[in-house]
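What follows draws every value from the coordinates through simple rules; no lab data is involved. Just so it is clear, the model here is predicted, and its values are computed rather than measured. FYI the Cβ positions are ideal-geometry reconstructions off the backbone, even for glycines, and counts take in every protein chain you see.
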Amino acid sequence: SPEGCVVYSDRKVPYLALRPLLMDFVLSMPRGATVIYPKDSAAIISVADIFPGARVLEAGAGSGALSCSLLRAIGPNGRLFSFERREDFAEIAAANVLKFFGETQSTWSLTTGDLVESLPESEAAAGVDREVLDMLAPWECIDAVASVLIPGGVLVVYVATTTQMSTVVEALREHGEFTEPVTTETLVRSWHVEGLAVRPDHRMIGHTGFLVQTRRMAPGIAAPPRRRRPAKG
C-alpha cells in the first residue's frame, strides 16, 4: 500500500500509515544526553544560517538529534564536524544518525574527545563557516572555536539556563572579536480550530533553551562599542 493509507489492526482499529518525519524520529530516538528538540533545531538552522555546502562544527553531538538536522541542511557537498566528549554518547549519536539516514554519511565526521584538545588535529582546523555549541560550559571553548571560524562566520550557542546564558554572553564580549551577541528563545503553541471556534490550546511547548548568536570579526578587528540608551530620570 502507498504511504498515506489507512491500515487496520487485528482488532479493526484504524491507523494512518505515514513515514515518520525527522521530528517524530527525534522524539522517539534512543537517548544518552538530552536532545535538542525540533523547535530549537529548526531555530538553530535559521539563526545560524546553515546552508547547502557549508562546513559546520558541532559540539557536543549528544544523542545526534541536531546532527541529523545539520546533515540535512548542509546537503551532499557540505561537511559536518561533530565533537563529543563522552564515548557512550558518541556511540548513541552515531547509531541514531545511521538509523535515520539508513547509511553512513560521508559528509559527517564524529570525533570523541575534548573539543579544545581535539580541534587542532581535526579537519575542522582548516576553517569552518558555521559553529553550533551545545555544551555545559561553552565559554571555556570560545578561543578554540574562534580560531577556526571564518570572518563573518556565525556562532550559535545553545544553553538551558539564564546563568549559562549570562556567562557565555559576557565571555563573547570579553573575547572582543565577535559581534554583540543576540539571545532568543522559541516558544511553540498549537491552536484548536473547529469552524469559527478558534482558540489556543491550553498547553504549549515552553522554555527548553536559549540561543545565543554572534558573528566572527576579521582578525585583529574589535567589535564597535555597545551603544546603551541613557536611563530616564
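Numbers for the structure displayed
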| read-out | value |
| --- | --- |
| Residues of the stretch 183-233 satisfying the condition of being of a type in the set (S, T, N, Q) and out of contact with any Lys or Arg (no Cβ under 6 Å at 6 or more places or on another chain) | Thr183, Thr184, Ser190, Thr208, Gln213, Thr214 |
| Scan of the stretch 188-233 for residues that are of a type in the set (A, V, I, L, M, F, W, C), exposed (fewer than 11 other Cβ atoms within 10 Å of the Cβ) and touching a residue at least 60 places away in the same chain (Cβ under 8 Å), ordered by number | Ala218 |
| Count of residues meeting criterion [within 20 Å of Leu149 (Cβ to Cβ) and small (Gly, Ala, Ser)] in the stretch 70-96 | 3 |
| Among the residues listed as Val132, Val159, the single one being within 22 Å of Arg31 (Cβ to Cβ), in contact with a Ser or Thr (Cβ under 9 Å, 6 or more places away or on another chain), buried (at least 19 other Cβ atoms within 10 Å of the Cβ) and not basic (Lys, Arg) | Val159 |
| Per-region count, the stretch 73-98, residues β-branched (Val, Ile, Thr) and closer than 16 Å to Asp129 by Cα | 1 |
| Residue within the stretch 2-24 that is in contact with a Lys or Arg (Cβ under 9 Å, 6 or more places away or on another chain), farther than 14 Å from Ser69 by Cα, of a type in the set (D, E, K, R) and exposed (fewer than 11 other Cβ atoms within 10 Å of the Cβ) present | yes |
| Matching residues in the stretch 32-57 - criterion: being touching a helix residue (DSSP H, G or I) at 6+ places or on another chain (Cβ under 7 Å) and closer than 17 Å to Ala95 by Cα | Gly32, Ala33, Val35, Ile36 |
| Segments classed as strands (runs of 3 or more DSSP E), wholly inside the stretch 122-233, with at least 1 members that are touching a strand residue (DSSP E or B) at 6+ places or on another chain (Cβ under 7 Å), at negative phi and acidic (Asp, Glu) | 128-133 |
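Per-residue answers, yes or no, for (1) touching a helix residue (DSSP H, G or I) at 6+ places or on another chain (Cβ under 8 Å); (2) surrounded by fewer than 21 Cβ atoms within 10 Å (Cβ to Cβ); (3) farther than 17 Å from Ala48 by Cβ; (4) small (Gly, Ala, Ser):
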| site | (1), (2), (3), (4) |
| --- | --- |
| Arg72 | yes, yes, no, no |
| Gly75 | no, yes, no, yes |
| Phe81 | yes, no, no, no |
| Ala90 | no, no, yes, yes |
| Leu98 | no, yes, yes, no |
| Leu110 | yes, yes, yes, no |
| Gly113 | no, yes, yes, yes |
